[in-house]
1. Within the stretch 85-97, how many residues turn out to be among the β-branched types (Val, Ile, Thr), in a loop (DSSP other than H, G, I, E, B) and loosely packed, with under 15 Cβ neighbours inside 10 Å?
2. Which one of these is over 12 Å from the mean Cα position of the chain (by Cα) and among the basic types (Lys, Arg): Arg85, Arg79, Arg40?
3. So which of Tyr82, Tyr30 is aromatic (Phe, Trp, Tyr) and either in contact with a Cys (Cβ under 7 Å, 6 or more places away or on another chain) or surrounded by 16 or more Cβ atoms within 10 Å (Cβ to Cβ) (or both)?
4. If a residue has to be more than 21 Å from Ser70 (Cβ to Cβ) and assigned to a strand (DSSP E or B) to count, how many in the stretch 1-25 make the cut?
5. State all residues of the stretch 11-27 that are touching a His at 6+ places or on another chain (Cβ under 9 Å) and open to solvent by less than 50 Å² (accessible area, probe 1.4 Å); if no residue qualifies, say none.
6. Just a yes or no: is a residue in the stretch 48-66 touching a strand residue (DSSP E or B) at 6+ places or on another chain (Cβ under 7 Å), polar (S, T, N, Q), assigned to a helix (DSSP H, G or I) and surrounded by fewer than 17 Cβ atoms within 10 Å (Cβ to Cβ)?
7. Just to be sure before I move on: is Leu77 out of contact with any strand residue (DSSP E or B) (no Cβ under 9 Å at 6 or more places or on another chain), surrounded by 14 or more Cβ atoms within 10 Å (Cβ to Cβ), closer than 19 Å to Phe28 by Cβ and at pLDDT below 95 in the structure I sent?
8. Answer with yes or no whether Lys42 is touching a strand residue (DSSP E or B) at 6+ places or on another chain (Cβ under 8 Å) and open to solvent by 70 Å² or more (accessible area, probe 1.4 Å).
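The values are calculated or read from the model by the stated rules, or taken from the named source; none is laboratory data. In this text, all values refer to a predicted model and were calculated from it rather than measured experimentally. Note that each Cβ is placed from the backbone with ideal geometry, even for glycine, and that neighbours are counted across all protein chains shown. Ligands, DNA and RNA are excluded from the accessible area calculation, which covers all protein heavy atoms including side chains. Shrake-Rupley method; radii C 1.70, N 1.55, O 1.52, S 1.80 Å.
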Amino acid sequence: MPRKQAEVERSLTNKGFVAGGGDHNYFFYYSKSGKKTIIRTKTSHGSREIDDNLLAQMAKQCKLSNKDFSLLVDCPLSREDYELRLVMQGVVAARAN
């Protein structure tokens, strides 16, 4: 089911992604400790909706299943839970106390 681009972008920024410019709208994930990670995704300029194919690509770039990416966008998947998944996958370093 297509989603509004503004909704997806707003959700990403609320979950620790920082927008960057360029030929597309790039989003880079920063860990809760403030470190830039290798996780990134993008949306196109001028697009109002993101189709299922592009949402699946964004999910893969964010190291999530399509279902979990929907949960990230819809907010049941918190930033803390998302980062924990990234730590468990070895993509993000565990936060030192």
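1. Taking the stretch 85-97 and keeping what is among the β-branched types (Val, Ile, Thr), we get 87, 91-92.
Retained after the next criterion (residues that are in a loop (DSSP other than H, G, I, E, B)): 91-92.
Next cut, loosely packed, with under 15 Cβ neighbours inside 10 Å only: none.
Residues in the stretch 85-97 being among the β-branched types (Val, Ile, Thr), in a loop (DSSP other than H, G, I, E, B) and loosely packed, with under 15 Cβ neighbours inside 10 Å: 0 in total.
2. Working: Arg79 fails: over 12 Å from the mean Cα position of the chain (by Cα); Arg40 fails: over 12 Å from the mean Cα position of the chain (by Cα).
Going through Arg85, Arg79, Arg40 in turn, the sole match is Arg85.
3. Numbers: Tyr30 fails: either in contact with a Cys (Cβ under 7 Å, 6 or more places away or on another chain) or surrounded by 16 or more Cβ atoms within 10 Å (Cβ to Cβ) (or both).
Only one candidate passes the filter, namely Tyr82.
4. Qualifying residue count, the stretch 1-25: 2.
5. Restricting attention to the stretch 11-27, the residues satisfying the condition of being touching a His at 6+ places or on another chain (Cβ under 9 Å) are 23-25.
Those that are touching a His at 6+ places or on another chain (Cβ under 9 Å) and open to solvent by less than 50 Å² (accessible area, probe 1.4 Å): His24, Asn25.
6. yes
7. Values: out of contact with any strand residue (DSSP E or B) (no Cβ under 9 Å at 6 or more places or on another chain): yes; surrounded by 14 or more Cβ atoms within 10 Å (Cβ to Cβ): yes; closer than 19 Å to Phe28 by Cβ: yes; at pLDDT below 95: yes.
So Leu77 passes the test.
8. Values: touching a strand residue (DSSP E or B) at 6+ places or on another chain (Cβ under 8 Å): yes; open to solvent by 70 Å² or more (accessible area, probe 1.4 Å): yes.
For Lys42, the condition - touching a strand residue (DSSP E or B) at 6+ places or on another chain (Cβ under 8 Å) and open to solvent by 70 Å² or more (accessible area, probe 1.4 Å) - is met.
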